[in-house]
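S.K.: Following this message is one structure expressed as structure tokens.
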Amino acid sequence: MLQKDVKLDNICKTWLLEKHIDFLKSFGKERNQYESNMMEFLRMSGMYWGLTALHLINNGQIPKEEEIFEYIKSCEHNNGGYSPAPGHDPHLLYTLSAVQIACLLNRESELPIEKIVQYVSSLQLKDGSFTGDKWGEIDTRYSFCALACLSLLGKLNEIDLAKSVEFIKSCQNFDGGFGSRPGAESHGGLIYCCVGALSIAGRLDIVDADTLGWWLAERQLPSGGLNGRPEKLPDVCYSWWVFSTLNILGRDHWIDKEQLKNFILASQDNEGGGFSDRPGDEPDPFHTLFGIAALSLMSYDKILPIDPTYCLPKTVINRLGLKPQTLS
Ligand SMILES: COc1ccc(S(=O)(=O)N2Cc3cc(-c4ccc(C=O)o4)ccc3N(Cc3cncn3C)C[C@H]2Cc2ccc(O)cc2)cc1
Ligand SMILES: [Zn+2]
């Protein structure tokens, strides 16, 4: 079977730092109205991705902090949940993004913490799983969102932590990986969510680190890039999902970091800056954060250190006194 991969033409791309800062500062501005309307359904997350990436490469400087905090407040619902934009429905994904942005701004104490706790707790089911909103879709992604959101607010004890860990364990597969629900196939993004949630809960004892580490290391292709499942193309965002999980499991040396770095740098956009999912595609804030975050885990250039579990700067996690579990 021919292994699907991409060919890297100009191997070592230079680090286009200034262009990335411009890309992140201007994203959403001169973009045409149609496109920004198209992305309104994820705008709060888009702001978390863009602002975190900017913080990491711009020495922790973020512009217009007051305007950003006002935007978060404009998306708050009286049930304690946050929507991606005013007028949209609240959802756990955007509630986590709002809390993450507030933590970046060092203003999480100004949030209606008790109402957010009530909202997140209301989404936990008897089997310990979490739904994303009132429509009831269960996914281990939402387990991560719930545990990350509450622990950032210092309120992890307000949900049934043991039951949430029990549900995640029920999604563990024989290949050492995890899926979105019991019986679902292992997938790089969901493995990050499950291992991240177990890291927050201090229950990495549940993970078969060697079997999972092997499956994750198998994601690296000759191009140096990582894919999310066997037979898939490499994608910069998996540089984060797969590599940060290996880092949490203390097995990040099981892949070739130099080759991964080359794949990420080859995915930079030479014109306007930013990173795309793979060389030659359109850049976006999502892949820009996850490419920069993976480079941060490799201590590349002067990128500020990032926490592998929360995907937030280490300085923020240290300030909050959080100690997500990792294996050595
Ligand atoms: C462009 O097509 C998509 C497809 C899915 C989505 S998504 O919201 O379900 N989502 C996040 C995501 C975002 C972007 C993107 C483009 C511009 C911006 C502005 O900030 O963000 C692009 C892709 C994307 N995906 C899809 C994807 C990424 N790599 C491969 N694919 C197919 C991921 C997707 C699921 C998701 C992952 C993490 C997360 O925190 C939230 C949602 C968004 C756009
Ligand atoms: Zn991607």
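S.K.: Over segment 17-320, calculate the relative contact order: mean separation of alpha carbon pairs under 8 Å at least 6 apart, over the residue count, as a percent.
M.R.: 17
S.K.: What's the magnitude of the charge dipole for segment 38-122 around its Cα centre, counting Lys and Arg as +1 and Asp and Glu as -1 at the beta-carbon? Answer in Debye, nearest 20.
M.R.: My answer is approximately 140 debye.
S.K.: Here's a follow-up. Arranged from highest to lowest average of other beta-carbon atoms within 10 Å per residue, in what order do the peptides 185-197, 48-60, 298-310 appear?
M.R.: The densest-packed peptide leads the list: 185-197, 48-60, 298-310.
S.K.: Holding the Cα-Cα limit at 31 Å, pick out from LYS25/LYS314; LYS232/LYS261; LYS73/LYS134; LYS64/LYS155; LYS29/LYS323; LYS19/LYS314 the pairs that are longer than that.
M.R.: Cα-Cα > 31 Å for LYS29/LYS323; rest within.
S.K.: Further question: R0 = 30 Å: FRET efficiency of MET38 with ASN270, Cβ-based, nearest 0.05?
M.R.: Working: r = 25 Å, r/R0 = 0.82.
After rounding to 0.05, the efficiency reads 0.75.
S.K.: Note down the net charge around TYR94, summing +1 for each Lys or Arg and -1 for each Asp or Glu among other residues with Cβ under 12 Å from its Cβ.
M.R.: Once positives and negatives cancel, what remains is -3.
S.K.: How big is D, in µm² s⁻¹, for the chain by Stokes-Einstein at 4 °C and 1.567 mPa s if Rh is the Kirkwood radius over C-alpha pairs?
M.R.: 65
S.K.: For GLU114 and LYS134 in one chain, what is 0.36 nm times their gap in residues minus the Cα-Cα distance, to one decimal in nm? All intermediate terms of the calculation are to be shown ahead of the outcome.
M.R.: Details: separation 20, 0.36 × 20 = 7.20 nm, distance 1.90 nm.
Extending this stretch completely gives an extra 5.3 nm.
S.K.: For every other residue with a beta carbon closer than 13 angstrom to the beta carbon of ASP5, add +1 if it is Lys or Arg and -1 if Asp or Glu, then tell me the sum.
M.R.: Values: positive: LYS4, LYS7, ARG219, LYS232, ARG278; negative: GLU231, ASP235.
Summing Lys and Arg as +1 and Asp and Glu as -1 gives +3.
S.K.: Still on this structure, please answer the following. In segment 48-86, whose amide N lies under 14 Å from the spot 7 Å out along Cα-to-Cβ of ILE21? List them in ranges.
M.R.: Those under the cut-off are 54-63.
S.K.: What nm distance separates the two modelled labels at ASP256 and ASP205, each placed 7 Å from Cα along Cα→Cβ?
M.R.: Distance between label points: 3.9 nm.
S.K.: Taking 0.36 nm per residue of separation and subtracting the Cα-Cα distance, what length does fully extending LEU304 through ARG181 add?
M.R.: Between LEU304 and ARG181, full extension yields an extra 40.8 nm.
Where a number appears in this text, it was derived from the coordinates with a stated rule and is not lab data. All values reported here derive from a predicted model rather than from experimental measurement. Cβ sites come from the backbone with ideal geometry, for glycine too, and all protein chains shown count toward neighbours.
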